[in-house]
Every structure is written in C-alpha cells, then in structure tokens.
Amino acid sequence: MKVIDDFLDKKDFLFIHNLIMNEPFPWFHMDSYKETGLEKDKTNNFSYYLHMLYDDNVPTSQYFEQIVPLIFDKIEFKSLIRVKVNSYARENKLIEHDLHTDYDYSNTGAVLSINTCDGYTKFEDGTKVESVANRIVLFDASKPHCSTNTTNQQRRVNINFNYF
C-alpha cells in the first residue's frame, strides 16, 4: 500500500473537485453494494451514489476525458479495468461497510479523495487511510478492504480506479 498526499497539481485537483462537487454532475443511486467477493442482501446493506467513468474496456461518461487523463498522467499503468466516482451520504453514525475485494484477480486499486471528511478506507490488517482531499491510496484491490460514509461533511466523495 502507498499513500500520496497532494497527489495532483493544485490546478488539476481544483478542476476535478469543482467539476464533481459544484457542477450539475450526474449521480446514479445504488441500492446495494456488489463487488466480486461481496454480495449482500439489500436489506442489510447501504446505498450510495456513483458515476461510472470507465467500464468493460470503454469510457462510459462524457466526463471521462476531462478527469481520467489528469490522474493517469501521474500513475504508471498498462490497462484500465474500471473508474468510478463514489458519493457516500452523511449519516449520524459513521458506518464501516463490509470488507470486500474489487475483483478476484490481482489488480491495482486507487482511491483518490475529493473532499476531506471523517470517512476512510480500511484494509484487512486494520490500517485506515483517512479521506483527505487530494490524497490517493494505491493498493492490491484483490485484497479485502472497505469504505465508510461520513458524519462531518455533506458527503464523502472519491474516485476509485482499478487497473493493471
């Protein structure tokens, strides 16, 4: 695992932040969380919003070209698997979601925090990486990890990447 603060140049980060947080950015409600390794009954799960930027070997959003090249100029990669923007709503209680794996094969995961809040990404060994704006964590996404919501901001927003 590797954590990098101030990952993007300030100008690039502010562009992405403003695009996602301040513009009429389209969000899609998800009633449940389903990743490889985790399939839960919807009644025992949480909901969140997402915006898929890239999936199944193709860009899936008009925002792909505005966001992804700025980030992948800073990461060495061979092939994208998926890129999505997540938005977890504020709740009165901090909820740690179940451990899961993104895929059942080795791949690199990256979580770029768009805002600072009390949410975090937690790994199987108990390590927590706090959500700090412009902080990225790189890790093996075939290993168990989980996310949380937030209690001290309107929402917790991050961009989740899977790649080789």
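Kindly provide the set of residues from segment 147-164 that are touching an Asp or Glu at 6+ places or on another chain (Cβ under 6 Å) and closer than 19 Å to HIS51 by Cα, ordered by number.
Within segment 147-164, THR148, ASN149, THR150, ASN162 qualify.
Of the conditions (1) farther than 16 Å from LYS2 by Cα; (2) aliphatic (A, V, I, L, M); (3) open to solvent by 20 Å² or more (accessible area, probe 1.4 Å), LEU138 satisfies every one except a single condition; which number is it?
Among (1) farther than 16 Å from LYS2 by Cα; (2) aliphatic (A, V, I, L, M); (3) open to solvent by 20 Å² or more (accessible area, probe 1.4 Å), LEU138 violates only (1).
All but one of (1) over 22 Å from MET30 (Cβ atoms); (2) part of a loop (DSSP other than H, G, I, E, B); (3) touching a residue at least 12 places away in the same chain (Cβ under 8 Å); (4) not small (Gly, Ala, Ser) hold for GLU76; which doesn't?
Against the list (1) over 22 Å from MET30 (Cβ atoms); (2) part of a loop (DSSP other than H, G, I, E, B); (3) touching a residue at least 12 places away in the same chain (Cβ under 8 Å); (4) not small (Gly, Ala, Ser), GLU76 comes up short only on (3).
Scan segment 79-114 for residues that are open to solvent by 60 Å² or more (accessible area, probe 1.4 Å), free of Cβ contacts under 8 Å to residues at least 60 places away in the same chain and not in a loop (DSSP other than H, G, I, E, B) and jot them down.
If the condition is that a residue be open to solvent by 60 Å² or more (accessible area, probe 1.4 Å), free of Cβ contacts under 8 Å to residues at least 60 places away in the same chain and not in a loop (DSSP other than H, G, I, E, B), then GLU96 is the only one that fits.
Might you let me know whether segment 153-160 holds any residue that is within 23 Å of PHE77 (Cα to Cα), at pLDDT 95 or above, surrounded by fewer than 21 Cβ atoms within 10 Å (Cβ to Cβ) and within 11 Å of the chain's Cα centre (by Cα)?
yes
Sort out which residues of segment 116-139 are without any contact (Cβ under 8 Å) to a residue 60 or more places away in the chain and assigned to a strand (DSSP E or B), and write them in order of number.
TYR120, THR121, LYS122, LYS128, GLU130
Residues in segment 62-73 that are over 11 Å from ILE16 (Cα atoms), under 16 Å from the mean Cα position of the chain (by Cα) and in a loop (DSSP other than H, G, I, E, B): how many?
0
Let me spell it out: the conditions are (1) at pLDDT below 95; (2) in contact with a Pro (Cβ under 8 Å, 6 or more places away or on another chain); (3) open to solvent by 80 Å² or more (accessible area, probe 1.4 Å), and GLU65 meets all of them except one. Which number is the exception?
Failed condition: (1).
The values are calculated or read from the model by the stated rules, or taken from the named source; none is laboratory data. What you see is a predicted model; the values in this text were computed from it and never measured. Positions of Cβ are backbone-derived with ideal geometry, glycine not excepted, and every protein chain shown enters the neighbour counts. All accessible areas refer to the heavy atoms of the entire protein, side chains included, with ligands and DNA or RNA removed. Shrake-Rupley method; radii C 1.70, N 1.55, O 1.52, S 1.80 Å.
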